[in-house]
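Please read the structure below before turning to the comments.
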Amino acid sequence: MSAPVPVHVQTMVIGTLFYGIAVGTSFYGIFSGISRLNPKNQFVMGTIIFCNVMLILEVGGYLWQSLGRGNGACVYGNYTQNISYHLCMIAFNVFILYKACVITLKNKWVVLAAGVCLLTRVVFGLGDMATSHGYIDTPTGECLWSFSSTILFGYMGADVFADLFGTVVTISSVWVFKETSFSKVLMAENVTRSAVSLLQAVVYVWASQTDTVFMFANGVQMCIISYLLNSEFWWADTRHAAFNETRNNALEEGKEKSFVELKEVNRNNRSF
């Protein structure tokens with residue numbers, strides 16, 4: 001393989017920097033998830049750990065196809081990167097949708113809608129894994145990625161929709177308690193995540209039109225996903241503190257009965 005062109009080198013260096021930050025955050029997430037693992041949160045902590053492992057594997061695939069020599073490194077490195085990317089994003093969607101289901105105390109319609117969202121993401125992910133591939137560009141010697149723009153729009157749209165769905169469900173569920181600290185934290189968490197996710201999705205789709213920029217954007221996306229996923233540990237502590245404050249205020253004001261539903265929401269929240 002010939003030496004990469006200058007622009008390719010620049011985006012590869014910047015993309016690698018963001019990948020490195022993402023990997024460091026993912027290792028933090030893995031160790032934090034293991035340290036907090038208990039029978040009540042096995043599913044959620046397991047999902048977080050799995051998502052982080054897949055993200056690290058994706059970076060491994062990226063390094064394989066970027067630094068490896070020959071067609072084999074390009075093809076198999078890209079396959080590794082693409083498969084682990086979709087598994088990571090599907091796990092991230094599971095994490096978001098599960099939280100939405102728990103907050104609604106597993107309302108059957110919310111669970112059904114969440115299942116449809118997840119199935120849609122899986123279908124587009126499988127479609128991309130089946131049709132996309134890496135190849136060597138003969139004139140430049142670069143390892144490039146061939147993919148369907150239609151499928152890319154499909155799985156990115158599914159990711160954004162799942163995130164927005166989780167946010168709308170959460171805000172709708174706790175709106176009646178909107179003045180409480182606990183509800184404010186839940187709303188802030190979801191709105192922040194959705195805003196950042198939507199922004200990175202727009203940049204990712206735009207960057208997909210140019211091979212060299214796409215590499216940079218993918219590194220940024222994984223860095224953002226890693227931070228959003230592993231910020232759960234900070235949000236969990238913040239939710240717990242806000243719940244205690246809300247509970248104490250309710251007791252002082254003699255409104256414990258109106259606090260029953262939030263107590264149940266928090267009881268379920270403690271599983272993630």
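Give the residues of the stretch 57-82 that are crowded, with 19+ Cβ neighbours inside 10 Å and among the aliphatic types (A, V, I, L, M), sorted by residue number. Correct list: VAL59, ALA73. Looking only at residues in the stretch 46-68 that are within 29 Å of ILE136 (Cα to Cα) and of a type in the set (Gly, Ala, Ser), which one is modelled with the lowest pLDDT? Here the residue is GLY68. Tell me, please, whether a residue that is among the aliphatic types (A, V, I, L, M), part of a helix (DSSP H, G or I), free of Cβ contacts under 8 Å to residues at least 24 places away in the same chain and under 23 Å from TYR19 (Cα atoms) can be found in the stretch 95-106. No, because not a single residue in the stretch 95-106 is among the aliphatic types (A, V, I, L, M), part of a helix (DSSP H, G or I), free of Cβ contacts under 8 Å to residues at least 24 places away in the same chain and under 23 Å from TYR19 (Cα atoms). Taking first residues from the stretch 35-48 that are on the phi < 0 side of the Ramachandran plot and partners that are outside any helix (DSSP H, G or I), the Cβ contacts under 7 Å between residues at least 6 apart in sequence or on separate chains come to LYS40/ARG270; LYS40/SER271; ASN41/SER271; ASN41/PHE272; VAL44/SER271; VAL44/PHE272; MET45/LEU37.
Of the candidates SER181, SER172, the single residue that is out of contact with any strand residue (DSSP E or B) (no Cβ under 9 Å at 6 or more places or on another chain), among the hydroxyl-bearing types (Ser, Thr, Tyr) and buried (at least 17 other Cβ atoms within 10 Å of the Cβ) is SER181.
Would a scan of the stretch 220-229 turn up a residue that is part of a helix (DSSP H, G or I), aliphatic (A, V, I, L, M), at pLDDT 55 or above and over 26 Å from GLY15 (Cα atoms)? No, there is no match, as no residue in the stretch 220-229 is part of a helix (DSSP H, G or I), aliphatic (A, V, I, L, M), at pLDDT 55 or above and over 26 Å from GLY15 (Cα atoms).
Within the stretch 139-169, if we keep just the residues that are in contact with a strand residue (DSSP E or B) (Cβ under 8 Å, 6 or more places away or on another chain) and not hydrophobic (A, V, I, L, M, F, W, C), the residue that is nearest to VAL102 (Cα to Cα) turns out to be SER146.
If you go through the stretch 230-239 one residue at a time, do you hit one that is surrounded by 20 or more Cβ atoms within 10 Å (Cβ to Cβ), under 14 Å from the mean Cα position of the chain (by Cα) and modelled with pLDDT of 85 or more? The answer is yes, given that some residue of the stretch 230-239 is surrounded by 20 or more Cβ atoms within 10 Å (Cβ to Cβ), under 14 Å from the mean Cα position of the chain (by Cα) and modelled with pLDDT of 85 or more.
For the structure I just gave you, tell me whether ALA114 is modelled with pLDDT under 95 and part of a helix (DSSP H, G or I). Taking the combined requirement at face value, the residue does not satisfy it.
The values are calculated or read from the model by the stated rules, or taken from the named source; none is laboratory data. Every value quoted in this text rests on a predicted model; they were computed, and no experiment measured them. Positions of Cβ are backbone-derived with ideal geometry, glycine not excepted, and every protein chain shown enters the neighbour counts.
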